[in-house]
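Undergrad: Sending over a structure as structure tokens; questions will come in a sec.
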Amino acid sequence: MAMTIIGLVSVGALGAFGADLRAAERADRMLPAAALAEERLTSLEGARLGPLSQLPDSLSRGRFEAPFDEYSWTATTTKPRPMEDLVEFRVEIAWGSGSFTLSERRYDPNGLAAR
């Protein structure tokens, strides 16, 4: 009986330990990804863009330099309907086993971003 209880407690403890390790590994990937997404979003907002029909290739996708070369990014801009005076900036950071997306909406009554 005592061995059964010890076995059940041990299985539960090992399961919790494994979940903690997975969460720590995920956090190690997500924290840099969030910072990189914020950096890309800031550069998008600061770029002098014309009408937001399409981003130039240099702003719509790329790969980060070392030490973050395992991360790549894609960026899009859209005008959410029915709110035509808003522009939504969206940046997705991807790596081998996951991704992180950051988006932000800005008021843009002239249909031009950062002008």
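The values are calculated or read from the model by the stated rules, or taken from the named source; none is laboratory data. All values reported here derive from a predicted model rather than from experimental measurement. Note that each Cβ is placed from the backbone with ideal geometry, even for glycine, and that neighbours are counted across all protein chains shown.
Undergrad: Do you know which of the residues in segment 71-105 that are part of a loop (DSSP other than H, G, I, E, B) and either modelled with pLDDT of 95 or more or basic (K, R) (or both) is farthest from the chain's Cα centre (by Cα)?
TA: Here the residue is R81.
Undergrad: Which residues, taken from segment 75-94, are surrounded by fewer than 17 Cβ atoms within 10 Å (Cβ to Cβ) and either among the aliphatic types (A, V, I, L, M) or within 12 Å of L36 (Cβ to Cβ) (or both)?
TA: M83, L86, A94
Undergrad: Do we find a residue being under 23 Å from T101 (Cβ atoms), at pLDDT 80 or above and not hydrophobic (A, V, I, L, M, F, W, C) anywhere in segment 8-28?
TA: Yes, segment 8-28 contains at least one residue that is under 23 Å from T101 (Cβ atoms), at pLDDT 80 or above and not hydrophobic (A, V, I, L, M, F, W, C).
Undergrad: Of all residues in segment 56-98, which are in contact (Cβ under 8 Å) with a residue 40 or more places away in the chain and small (G, A, S)?
TA: Once the filter is applied, which keeps residues that are in contact (Cβ under 8 Å) with a residue 40 or more places away in the chain and small (G, A, S), segment 56-98 yields S97, G98.
Undergrad: When residues of segment 52-74 are filtered for being under 27 Å from D28 (Cβ atoms) and exposed (fewer than 12 other Cβ atoms within 10 Å of the Cβ), how many remain?
TA: The qualifying residues number 5.
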